[in-house]
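Structure first, commentary second.
The values are calculated or read from the model by the stated rules, or taken from the named source; none is laboratory data. All values derive from a computational prediction rather than experimental measurement. Glycine also receives a Cβ, built like all others from the backbone with ideal geometry; neighbour counts cover every protein chain displayed.
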Amino acid sequence: MGTSIQSIEVGKPNFRTLVKNYMDLTKLPIVLLLLFTTVTTMVIAAAGIPKLDVLIPTIIGGAFAAAGASAINQYIDRDMDALMARTARRPIPSGRVAPLNALLFGLGLLAWSVLVLAMWVNWLAAILALFGGIYYVVLYTLILKRNTVVNILIGGGAGAVPVLVGWAAVTGTLSFQAFILFAIIFYWTPPHSWALALLVNKDYTAANVPMMPVAHGEEATRRQILLYSVQLVLITLLPLPFKFLGTIYIVTAVLLGAGMIYNAVRLIQRADGAAARVMYKYTTSYLAFLFLVMIVDRLIH
């Protein structure tokens, strides 16, 4: 009686799992938020709904750029991610994606981003998207994040580049208005990131990442969050004197800004994890809602 022996591959993921693993490399929620700021900027620049033949390739190219930069970031940070409870389950440290595969995936997406934007939008948008990716991967991830407490202060500009891509996609140029939108995201990044850093301070300490709470302590971090929140609120009011957004936006910006400063003051007064969590969640919804109201204001006016 013969015996048939079947070869069984152990641990090989099915297609659905494989797709999920690679999607996890892209940090999809962050990609979606960045795309939303890009689309908002396009609406402002176009004074209405942008043409679909510009809007769609810009979204696709922008998604590829953000996702690719994220994947490369996770490749570079794989050693630190393995040391932190918050990130240990990411695809590379958990063994779900091989490091080289993640790197090639990220580089491929970034290359496709430049190709899509250059062919179907314009070269300025393509160059800015590539610049944003290099800014995030090289300046922030490789140089600043591991070596200096100003990592977020300078590196935060990478997350603001998508608004420049959006403006360039519509107009073929950059303007002062575009840089005001850039500044809003630039100054939003420190309060948002430092609130998270307060929540996961032990993780950053274990991985020796010089975030503000690790380098200067939690009390100093709370004061800096308030300082940058005040600066952010003032910058969000600049569209009024430069007359590219109207009353609906300004009223909303004032109300949202009051909430931002209130939560920052409360964070100093309470000095606990609950207040830091509220601040982190508020900053996330703050940016999304602020840019949503920009769209509403621009379409109405």
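The table below lists the values:
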| quantity | calculated |
| --- | --- |
| Gly106 vs. criteria more than 20 Å from Thr37 (Cβ to Cβ), surrounded by fewer than 20 Cβ atoms within 10 Å (Cβ to Cβ) and either touching a helix residue (DSSP H, G or I) at 6+ places or on another chain (Cβ under 9 Å) or not charged (D, E, K, R) (or both) | no |
| Selected residue [within 23 Å of the chain's Cα centre (by Cα), more than 30 Å from Ala88 (Cα to Cα), at pLDDT 95 or above and buried (at least 19 other Cβ atoms within 10 Å of the Cβ)] from Ala253, Ala197, Ala264 | Ala253 |
| The one condition in (1) buried (at least 23 other Cβ atoms within 10 Å of the Cβ); (2) over 22 Å from the mean Cα position of the chain (by Cα) that Ile185 fails to fulfil | (2) |
| Condition check for Leu174: outside any helix (DSSP H, G or I) and more than 19 Å from the chain's Cα centre (by Cα) | yes |
| Tabulated pairs, the range 119-134, first in the same structural domain as Thr58 (by TED's automatic domain parsing), second modelled with pLDDT of 95 or more and acidic (Asp, Glu), C-beta under 8 angstrom, 6+ apart or interchain | Trp120/Asp53 |
| Neighbours by Cβ (under 7 Å, 6+ apart or cross-chain): first from the range 67-84, of a type in the set (D, E, K, R); second in a helix (DSSP H, G or I) | Asp77/Thr141; Arg78/Pro99; Asp81/Gln74 |
| Residue match in the range 208-217 (condition: modelled with pLDDT under 95 and either among the polar types (S, T, N, Q) or within 23 Å of Val39 (Cβ to Cβ) (or both)) | yes |
| Leading residue by the ranking (surrounded by the fewest Cβ atoms within 10 Å (Cβ to Cβ)) among those in the range 268-293 that are in contact (Cβ under 8 Å) with a residue 60 or more places away in the chain and of a type in the set (S, T, N, Q) | Thr284 |
| Only one of Gly273, Gly246 that is under 30 Å from Ala45 (Cα atoms) and either at pLDDT below 95 or not hydrophobic (A, V, I, L, M, F, W, C) (or both) | Gly246 |
| Of residues in the range 109-141 being over 19 Å from Val163 (Cβ atoms) and touching a Pro at 6+ places or on another chain (Cβ under 9 Å), the one surrounded by the fewest Cβ atoms within 10 Å (Cβ to Cβ) | Met119 |
| All positions within the range 145-169 that are farther than 21 Å from Leu110 by Cα and not in a loop (DSSP other than H, G, I, E, B) | Asn151, Ile152, Leu153, Ile154 |
| Of all residues in the range 31-68 being more than 15 Å from the chain's Cα centre (by Cα) and of a type in the set (Gly, Ala, Ser), the one that is surrounded by the most Cβ atoms within 10 Å (Cβ to Cβ) | Gly61 |
